[in-house]
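Below is one structure, written out as structure tokens, with a few remarks after it.
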Number of protein chains: 2
Amino acid sequence: MKTHNFSAGPSILPQFTIEKTAEAIKDFAGTGLSVMEVSHRGKEFIAVMDEAQALFRELLNIPDDYSVLFLGGGASLQFCMVPYNLMSKKAAYLNTGAWAAKAQKEAKFFGEVVEVASSKDTVYNYIPKGFEIPTDADYFHFTSNNTIYGTQIRKDFDLDIPVVCDMSSDIFSRQIDVSKYGLIYGGAQKNLAPAGVAFVIVKNELLGKVGRPIPTMLNYQTHIDNGSMFNTPPVVPVFAALQTLKWLKDNGGIAAMEKINEEKAAMLYNEIDRNSLFKGTVLNKEDRSLMNVCFIMNDGYETLEKDFMDFATSKGMSGIKGHRSVGGFRASIYNAMPKESVQALIDCMAEFEKTHVK
Amino acid sequence: MKTHNFSAGPSILPQFTIEKTAEAIKDFAGTGLSVMEVSHRGKEFIAVMDEAQALFRELLNIPDDYSVLFLGGGASLQFCMVPYNLMSKKAAYLNTGAWAAKAQKEAKFFGEVVEVASSKDTVYNYIPKGFEIPTDADYFHFTSNNTIYGTQIRKDFDLDIPVVCDMSSDIFSRQIDVSKYGLIYGGAQKNLAPAGVAFVIVKNELLGKVGRPIPTMLNYQTHIDNGSMFNTPPVVPVFAALQTLKWLKDNGGIAAMEKINEEKAAMLYNEIDRNSLFKGTVLNKEDRSLMNVCFIMNDGYETLEKDFMDFATSKGMSGIKGHRSVGGFRASIYNAMPKESVQALIDCMAEFEKTHVK
């Protein structure tokens with residue numbers, strides 16, 4: 001039986017990425033050596049790093065005055081690197097989820113944090129709107145997709161201060177205008193690569209303006225000056241990222257991906273709204289994430305939750321348990337998730353309805 | 001023709017590690033999914049993390065009052081995390097190489113650094129001795145093996161202040177008494193795993209004593225409290241590390257490995273000392289590294305350097321070019337390097353001598 005991987009992260013990667021990485025683990029670029037054991041200064045790996053950076057730029061149409069970095073430590077390390085490098089006195093944060101709150105918490109080590117709005121009181125089940133962003137803040141930070149709660153902000157803010165965005169869970173899933181941002185970062189383990197590498201897109205002119213001394217590894221300029229090779233990069237995740245970027249380009253790039261993602265999400269949300277056994281957890285439909293679809297048992301059917309989980313599991317659905325703070329179910333349908341798997345989940349839901357609703 | 005991988009790092013890994021990782025990239029623990037795309041909170045990966053930590057402890061005989069961490073970001077990030085967490089006012093550093101100097105540089109962001117001794121003036125070709133370590137320093141830091149220069153300190157200091165050691169390039173290659181150390185750290189990419197994970201062994205009682213606020217990801221206590229799973233760990237490198245630890249145990253553990261390492265190094269140094277074409281670069285034989293064997297052309301034979309490089313390459317020797325600051329050749333013979341490959345290099349050197357010395 002096929003396993004349908006709806007895991008929230010680390011999460012499904014293209015078969016192309018998996019196959020190419022498995023090959024390179026055995027023999028990398030004809031070296032006779034594993035990609036795990038070659039020098040990162042060798043011409044074969046330098047070619048990987050160069051091509052990954054070039055494709056990353058090309059697919060996102062990144063302007064020339066931005067740098068692209070691949071760094072170890074994950075997006076969580078970026079939570080402190082961002083204020084370390086960009087915050088002189090004050091920064092504005094939008095609190096739309098646990099990860100947004102974690103980012104905000106780290107900024108408090110470096111200055112004043114203004115929380116422009118928060119949906120915490122209702123377990124983050126909507127995206128606040130109509131808030132004011134202080135014009136004297138060093139930057140405005142938001143999380144574009146909230147993996148746990150299934151909400152998403154699919155617009156580029158147009159501000160007079162730098163916009164910083166954590167796009168860990170929706171980078172490459174939809175078209176963005178990078179020129180509207182000061183810095184975009186994220187962990188790679190959703191739409192790009194296995195865990196262990198973070199990406200950073202930063203407008204060069206924003207750096208070097210804070211007064212504080214910055215330890216070398218935490219200073220973006222270090223990594224810009226050294227092409228993400230100041231220290232040994234996470235070689236396997238970078239190699240895998242390149243394969244995913246190639247797959248993305250071969251499949252029509254981000255525009256094509258966005259169209260498929262919209263279709264996949266519509267299929268699944270339609271079933272949730274149609275099926276009398278289930279309901280979505282997000283308050284307003286326009287806030288629903290295209291990446292993480294959260295739903296619970298409908299009123300009156302709460303006791304069927306475990307039964308549906310067992311049924312879906314028996315049909316090969318994997319990783320659909322909702323986060324403990326939301327409960328119910330979460331189907332993560334990142335770029336690499338085929339429509340067939342979304343349909344398989346929908347079929348499960350419909351079949352379960354037939355046998356449980358008279 | 002077999003490729004003999006003498007690369008300094010990332011470097012040769014056991015075939016067992018390569019094969020098991022290649023398998024898991026395709027199908028991990030019978031999940032039907034790649035190890036790159038499973039949740040780190042799933043029971044299969046938690047088992048990997050738990051077993052890796054347990055084996056790490058067992059092989060190094062780590063006392064119960066120490067924690068073992070697997071972190072992203074590499075050893076270079078530890079250069080600042082160590083003083084962030086342990087330095088109140090003053091720290092003592094021994095400068096035996098470029099990496100030792102980099103570690104020392106980061107400590108200066110946090111307080112006064114006393115350089116107890118340095119061999120920088122002679123391109124780090126010896127290990128300083130007879131230096132004094134201030135008894136009021138918060139800790140004493142040294143680098144046990146200097147990859148670039150081929151020197152090594154194979155003794156455990158016995159001090160009244162905490163001893164901190166960067167063991168990136170000789171961890172698991174020789175027996176150590178962990179109880180003599182306050183903290184040991186290193187990148188995994190020599191004797192353990194592919195690049196992308198660093199290990200930290202820290203005596204718990206040393207933490208929480210500095211007054212400064214520490215960003216969450218840079219605070220060792222965060223990672224202790226969360227079993228190295230505060231954020232998504234570098235899953236593939238941790239998986240590979242577990243395979244290497246299993247291989248190490250199955251091959252007799254560190255005592256057995258140390259014996260083989262001593263034999264391999266003796267074979268190669270004997271050839272360097274015997275062969276009229278070559279000479280070692282390290283001033284005193286007792287400072288010679290068992291991991292990185294550095295040698296250059298002997299006086300009068302300097303012009304043969306490129307010829308020997310071409311000859312050795314033609315025989316399958318890979319990664320033997322010396323670091324640009326030392327020149328000549330460097331053969332890195334980590335745990336996973338078989339005696340047969342060391343012998344193959346020795347045979348090259350002997351054959352080259354026969355054809356070039358009349």
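The values are calculated or read from the model by the stated rules, or taken from the named source; none is laboratory data. Note that the structure is a prediction, hence the values are computed from the model and not measured. Because the Cβ atoms are built from the backbone with ideal geometry, glycine has one as well, and the counts that use them run over all protein chains shown. The protein model used for the area step is the full one, side chains on, heavy atoms only, and it has no ligands, DNA or RNA in it. Shrake-Rupley method; radii C 1.70, N 1.55, O 1.52, S 1.80 Å.
When the residues of segment B:143-177 are filtered to those that are buried (at least 24 other Cβ atoms within 10 Å of the Cβ) and charged (D, E, K, R), the one that is nearest to the chain's Cα centre (by Cα) is B:Asp170.
Restricting attention to segment B:109-130, does a residue exist that is under 23 Å from B:Ser332 (Cα atoms), assigned to a strand (DSSP E or B) and not assigned by TED's automatic domain parsing to the domain that holds B:Met291?
As a first pass, look at segment B:109-130 and keep what is under 23 Å from B:Ser332 (Cα atoms): B:119-120, B:122-128.
Checking the rest, the ones that are also assigned to a strand (DSSP E or B) come to none.
Checked against the condition, which is being under 23 Å from B:Ser332 (Cα atoms), assigned to a strand (DSSP E or B) and not assigned by TED's automatic domain parsing to the domain that holds B:Met291, segment B:109-130 yields no hits at all.
Considering (1) at pLDDT 95 or above; (2) open to solvent by 10 Å² or more (accessible area, probe 1.4 Å), the lone condition that B:Lys358 does not fulfil carries the number (1). What number of residues within segment A:8-56 satisfy the criterion of being open to solvent by 10 Å² or more (accessible area, probe 1.4 Å), closer than 21 Å to A:Met337 by Cα and assigned to a loop (DSSP other than H, G, I, E, B)? Selection size over segment A:8-56: 3.
Evaluating A:Asn261 against the criteria (1) open to solvent by less than 50 Å² (accessible area, probe 1.4 Å); (2) in contact with a strand residue (DSSP E or B) (Cβ under 8 Å, 6 or more places away or on another chain) leaves one unmet condition, (2). Selection of segment A:297-326 for residues being within 21 Å of the chain's Cα centre (by Cα) and not β-branched (Val, Ile, Thr) yields A:Ser318, A:Gly319, A:Lys321, A:Gly322, A:His323, A:Arg324, A:Ser325.
Across segment A:29-60, the number of residues qualifying as touching a residue at least 24 places away in the same chain (Cβ under 8 Å) and within 8 Å of chain B (Cβ to nearest Cβ) comes to 4.
Restricting to helices (runs of 4 or more DSSP H) lying wholly in segment A:239-356: which have 2 or more residues that are basic (Lys, Arg)? Spell out how you get there, then give the answer.
Values: elements: A:253-274, A:305-314, A:339-356.
The helices (runs of 4 or more DSSP H) meeting that bar are A:253-274, A:339-356.
Considering the conditions (1) surrounded by fewer than 18 Cβ atoms within 10 Å (Cβ to Cβ); (2) within 14 Å of chain B (Cβ to nearest Cβ); (3) touching a strand residue (DSSP E or B) at 6+ places or on another chain (Cβ under 7 Å), A:Asn226 is excluded by exactly one of them, (3).
Taking A:Pro83 as the residue in question, decide whether it is within 11 Å of another protein chain (Cβ to nearest Cβ), under 30 Å from A:Glu340 (Cα atoms) and open to solvent by less than 10 Å² (accessible area, probe 1.4 Å).
No.
Cβ-Cβ distances below 6 Å connect the following pairs, each with a first residue in segment B:94-109 that is farther than 14 Å from B:Asn292 by Cβ, a second residue that is open to solvent by less than 70 Å² (accessible area, probe 1.4 Å) and among the hydroxyl-bearing types (Ser, Thr, Tyr), and a separation of six or more residues or different chains: B:Asn95/B:Ser118; B:Ala100/B:Thr143; B:Gln104/B:Tyr93.
Of B:Ser173, B:Ser168, all but one fail to be assigned to a loop (DSSP other than H, G, I, E, B), of a type outside the set (D, E, K, R) and within 13 Å of another protein chain (Cβ to nearest Cβ); the exception is B:Ser168.
Condition test on B:Ser88, is it outside any helix (DSSP H, G or I), more than 22 Å from the chain's Cα centre (by Cα) and not acidic (Asp, Glu)? Lay out the reasoning, then the answer.
Details: outside any helix (DSSP H, G or I): yes; more than 22 Å from the chain's Cα centre (by Cα): yes; not acidic (Asp, Glu): yes.
Judged against the criteria, B:Ser88 is a match.
Among the residues of segment A:96-136, the ones that are open to solvent by less than 60 Å² (accessible area, probe 1.4 Å) and away from chain B (no Cβ under 14 Å) come to 15 in all. Annotation: of all residues in segment B:176-203 being within 15 Å of B:Ser67 (Cβ to Cβ) and among the hydrophobic types (A, V, I, L, M, F, W, C), the one that is nearest to the other protein chains (Cβ to nearest Cβ) is B:Ala198. Among the residues making up segment A:78-93, those that are among the small types (Gly, Ala, Ser) and within 27 Å of A:Ser289 (Cα to Cα) are A:Ala91, A:Ala92. Are any of the residues in segment A:63-76 within 14 Å of chain B (Cβ to nearest Cβ) and open to solvent by 40 Å² or more (accessible area, probe 1.4 Å)? No, segment A:63-76 contains no residue that is within 14 Å of chain B (Cβ to nearest Cβ) and open to solvent by 40 Å² or more (accessible area, probe 1.4 Å). Taking the criterion of being open to solvent by 10 Å² or more (accessible area, probe 1.4 Å) and closer than 27 Å to B:Pro233 by Cα, the residues of segment B:180-190 that qualify are B:Gln189, B:Lys190. Under 7 Å by Cβ, and 6 or more places apart or on different chains, what pairs join a residue from segment B:1-28 that is within 7 Å of chain A (Cβ to nearest Cβ) with one that is open to solvent by 10 Å² or more (accessible area, probe 1.4 Å) and of a type in the set (A, V, I, L, M)? Note: pairs meeting the criteria are B:Thr3/A:Leu33; B:Asn5/A:Leu33; B:Asn5/B:Ile12; B:Ser7/A:Val38; B:Pro10/A:Val38; B:Ile12/B:Ala336; B:Leu13/B:Ala336.
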